[in-house]
Amino acid sequence: MGRPHSPKKASADSPSLFDLLPPWEEDDRAEALVAKVVFPDGPPGDFDYLVPPELAGRLRAGQRVRVPLGKGNRLVVGYCVEVVSRPVGQRILKPIRHLVDDRPLLSPAMLRLTRWMADYYLCDWATVLETVLPAGVRHRAGLRLTTFWEPNPDALAKLDLTTLPPKQRLVLQILRDAKEPLTATQIQRLAKCSAGPITGLQRKGLLKGRAVRIRRQDIIEPAEPREPNLPLNPDQQKALDTILQVLHSGQHRTILLYGVTGSGKTEVYIQAIQEVLRFGRQAIVLVPEISLTPQTLQRFRARFDSVAVLHSHLTDAERHWQWERIASGRVQVVIGARSAVFAPVPHLGMIILDEEHEPSFKQQQAPRYHAREVALQRAAAEGVPLVLGSATPSLESWHEAQEGRYIFVQLPRRIHDRPLPPVNTVDLRIENSGKKLVALSRPLYAAMRESLQEGGQIILLLNRRGFSTHIQCPACGYVLKCPQCDIALTHHRTQQIALCHYCDYHEPAPSACPHCQFLGILYRGLGTQRLEVEVRSRFAGVCCLRMDTDSMQARGAYDRALEAFRTGKVQILLGTQMIAKGLDFPEVTLVGVINADTALHLPDFRASERTFQLVTQVAGRTGRGPKGGRVLVQTFHPEHPVIQAAIRHDYPRFAQIELANRKAFGYPPFTRMIRLVVRGPHPTPTAEFAKLLAERIRQQLSGRQPPARLLGPAPAPFAKLRGLYRYHMLLQSPDGEQLRQAVRQATTDLPSLENIQWMADVDPVEML
Ligand code: ADP
Ligand code: ZN
């Protein structure tokens, strides 16, 4: 949970990267060198310190310092974010005590980026700095302080060497012969002695030592055999030309590359990066963590001399080492998940964000940044292209492209003109007709048998994370929705109500379907584990593997599972959205979506978008090889426009339908949103606090232009998490800065209540 935003940082106008220096006051009083310092483990906001003369030439913004803080003058580490020479007037400033770093950890450009993040995401600057700088870099992981010894000539000149014990003489001889300082371990090895003679010489002052930080070991990056470029097809060539045109213009532009699954986007990225390298610059490629497979990395390593991979399994030491390599300019391409957007490449030439629609690009703790938004700021500030690629672009990016703010290019066909697989629906209303739910309908079961007989592999998708309390009639598929928010209502069994988790609207839970009067309207779903049991019992002897966050806990489990599937040891792969993404297995001839509606009725305004993306992405996993493939989608709503668009692979149609809907209900991309979550150990005071916060924000927003609105407070869909009750509210306005201001002003002197915390999520992607 974030700390309340510091009032000092409340800036009235929109925060721009280029406009971050404070107003400069002309003053003829004596000038002093002043450093602005922010504290990760201290009070929010920034504090001024005097730079003492001995540190004057050595301190720059981006270095950490140790300074006295508070009444007790406790020494605390903070980040120096600015050094200016200015009049200090009557104020007495405390001086900085020590430097922690002898060089800045961040460039001025990266500092400005972090400042922008703090403003935009309503969090503390120091929190951002701690996120941007990996722990391994901050703690200098993997470095060891080692002392190198050499003879001390002054002391030796005054001494008769023959008085020394023979072992000590030998040590001196070895050091003279070596002609360079040696570590104690090296000396011991060469002299075949213990540590005794060395400490003896040290005590007599006959050795001079110098402490140096050295790396414990070098990390070897695997080398791949080189592969030539593929000759591009005309669509790919056109996409590449468009990107290169922007690159050569030297101006920032964002390019949306809309390419169906398997259309060859990666080859376009690779060849665009090759041009970036010709300018002596580096590229950053951001992909979802789940796509950082050996397969992906191999494709890049086979084309470039030096690729750095930043994934979540790196040790602190490895991360530190990669960071230094990248900062030194020795790395051509940095590939990584979300946080690689902060990679310290010295001459950025291009940023590529593949699968740009992926929610995992948004961080779910403070600072709750979205890598796409940060990449946009960084690319704009450094004047380089940003390429966003996807087969199912986010509606935000699609809308920008439609409005002409992004350049639009598309790869509408698969490589070698391979057809997209045919997708058919299975109507669960007919299959179930209100009886006990089975995971595999008759048509899906038959298709699976057929596929296995022909030696094909099968992927079954069931995206259920145990959140299935929407109210749906199993006979007719009708779902209860909020009349104001267009969000599926959630069933609360204890109170027997149907509740909207956006605006708190509720009504009695119906006992019969309002649409078809079927009794027993409540439908409770099934999860991956039950699906696995069913598949195993109906396909005895067929090797089946379940893949979800529960079964993939162990390090390397994901890679091993994919390998087992690739090599054909496993015939049926079943799991959550994990299996829907980016995998390229030519032997997959059948994809089954067990229930396309699971995402459709999440209490989230992006439910339709998630459903479309999921069905399209998982359908893209088949038909990649010469055997072809097909997709069966089980649903209660075969006629639903989103399902219809998905089975036709028709993203533009989907976008058209969904954008109209978003506009009607005032959701992004037509508005900006901020979600506020309040949590505390007791329900009533937490709810009261949420109400107070909402009231203050309503006051701030009232009468503003353009009009803004606040939904809630309402219990969050996860109304209780780890023992804490959660209430949330949603702020919507076409002007995001207006919302930020309202939150800052409403919270500057918000009374703090014990145990109750609040946090702000700007541009939220997760509504649970
Ligand atoms: P996407 O990223 O759009 O899903 P990929 O880049 O993974 O598509 O390409 C799909 C497959 O097509 C890959 O196996 C790739 O090697 C191959 N491919 C890409 N471009 C070409 C090309 N110009 N000629 C032949 N094969 C290609
Ligand atoms: Zn509502």
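Things worth noting here:
- Residues of segment 541-566 classified as assigned to a helix (DSSP H, G or I) and not basic (Lys, Arg), total: 8
- The listed residues are Glu224, Glu267, Glu289, and the only one of them that is of a type outside the set (A, V, I, L, M, F, W, C), away from ligand 2 (no atom under 16 Å from the Cβ) and without any contact (Cβ under 8 Å) to a residue 40 or more places away in the chain turns out to be Glu267.
- Checked against (1) over 28 Å from Thr392 (Cβ atoms); (2) modelled with pLDDT of 95 or more, Ile273 passes all but a single condition, namely (1).
- Within the set Leu207, Leu292, Leu257, the sole residue that is more than 16 Å from ligand 1 (Cβ to nearest atom) and either buried (at least 19 other Cβ atoms within 10 Å of the Cβ) or modelled with pLDDT of 90 or more (or both) turns out to be Leu207.
- Scanning segment 327-361 for residues that are assigned to a helix (DSSP H, G or I) and crowded, with 23+ Cβ neighbours inside 10 Å yields Arg338, Ala340, Val341, Phe342, Phe361.
- Some residue of segment 659-679 being away from ligand 2 (no atom under 16 Å from the Cβ), more than 23 Å from Pro393 (Cα to Cα) and either of a type outside the set (A, V, I, L, M, F, W, C) or touching a Ser or Thr at 6+ places or on another chain (Cβ under 7 Å) (or both): yes
- When Gln529, Gln577 are screened for being under 21 Å from Ile643 (Cβ atoms) and touching a strand residue (DSSP E or B) at 6+ places or on another chain (Cβ under 9 Å), only Gln577 passes.
- Hits in segment 92-118 (condition: touching a residue at least 40 places away in the same chain (Cβ under 8 Å), outside any helix (DSSP H, G or I) and farther than 15 Å from Leu133 by Cα): Leu93, Lys94, Pro95, Ile96, Leu99, Asp102
- Applying the set (1) in contact with a Lys or Arg (Cβ under 6 Å, 6 or more places away or on another chain); (2) more than 25 Å from Ala239 (Cβ to Cβ); (3) among the aromatic types (Phe, Trp, Tyr) to Phe361 leaves exactly one unmet item: (2).
- Criterion: surrounded by 17 or more Cβ atoms within 10 Å (Cβ to Cβ), more than 22 Å from Leu376 (Cα to Cα) and of a type in the set (Phe, Trp, Tyr) - qualifying residue of Trp149, Trp125: Trp149
- Among the residues of segment 736-768, the ones that are farther than 16 Å from Gly712 by Cα and touching a Pro at 6+ places or on another chain (Cβ under 6 Å) come to 4 in all.
- The residues of segment 440-459 that are over 15 Å from Val542 (Cβ atoms) and not in a helix (DSSP H, G or I) amount to a single one, Ser441.
- Reported count of residues in segment 469-506, each being in contact (Cβ under 8 Å) with a residue 24 or more places away in the chain and assigned to a strand (DSSP E or B), is 8.
- Restricted to segment 59-81, and to residues there that are under 28 Å from the mean Cα position of the chain (by Cα) and assigned to a strand (DSSP E or B), the residue that is surrounded by the fewest Cβ atoms within 10 Å (Cβ to Cβ) is Val77.
- Being assigned to a loop (DSSP other than H, G, I, E, B), of a type in the set (D, E, K, R), buried (at least 16 other Cβ atoms within 10 Å of the Cβ) and in contact (Cβ under 8 Å) with a residue 12 or more places away in the chain is a condition met by no residue of segment 528-540.
- Of the residues Leu676, Leu692, Leu739, Leu753, the single one that is under 26 Å from Ala498 (Cβ atoms) and among the hydrophobic types (A, V, I, L, M, F, W, C) is Leu676.
- Residue count for segment 272-289, restricted to those that are crowded, with 18+ Cβ neighbours inside 10 Å and not in a strand (DSSP E or B): 6.
- Residues in segment 152-202 that are touching an Asp or Glu at 6+ places or on another chain (Cβ under 8 Å) and surrounded by fewer than 14 Cβ atoms within 10 Å (Cβ to Cβ): Glu180 only.
- Single condition Tyr269 does not satisfy, out of (1) among the aromatic types (Phe, Trp, Tyr); (2) more than 13 Å from ligand 1 (Cβ to nearest atom); (3) part of a helix (DSSP H, G or I): (2)
- Enumeration of residues in segment 592-606 that are in a helix (DSSP H, G or I) and within 25 Å of Ser451 (Cβ to Cβ): Asp597, Thr598, Ala599
- Where helices (runs of 4 or more DSSP H) sit wholly within segment 141-192, those with at least 1 residues that are over 54 Å from the mean Cα position of the chain (by Cα) and among the aliphatic types (A, V, I, L, M) occupy 153-157, 166-178.
- Residues in segment 569-604 that are within 16 Å of ligand 2 (Cβ to nearest atom) and surrounded by fewer than 22 Cβ atoms within 10 Å (Cβ to Cβ): 1 in all.
- Any hit, segment 508-530, residues being charged (D, E, K, R), more than 16 Å from ligand 1 (Cβ to nearest atom) and at pLDDT 80 or above: no
- All of Ile430, Ile407 fail the test of being more than 16 Å from ligand 2 (Cβ to nearest atom) and at pLDDT below 90, apart from Ile430.
The values are calculated or read from the model by the stated rules, or taken from the named source; none is laboratory data. Owing to the predicted nature of the structure, the values given are computational and were not obtained by experimental measurement. With ideal geometry, Cβ positions are generated from the backbone for all residues, glycine too; neighbour counts draw on all protein chains shown.
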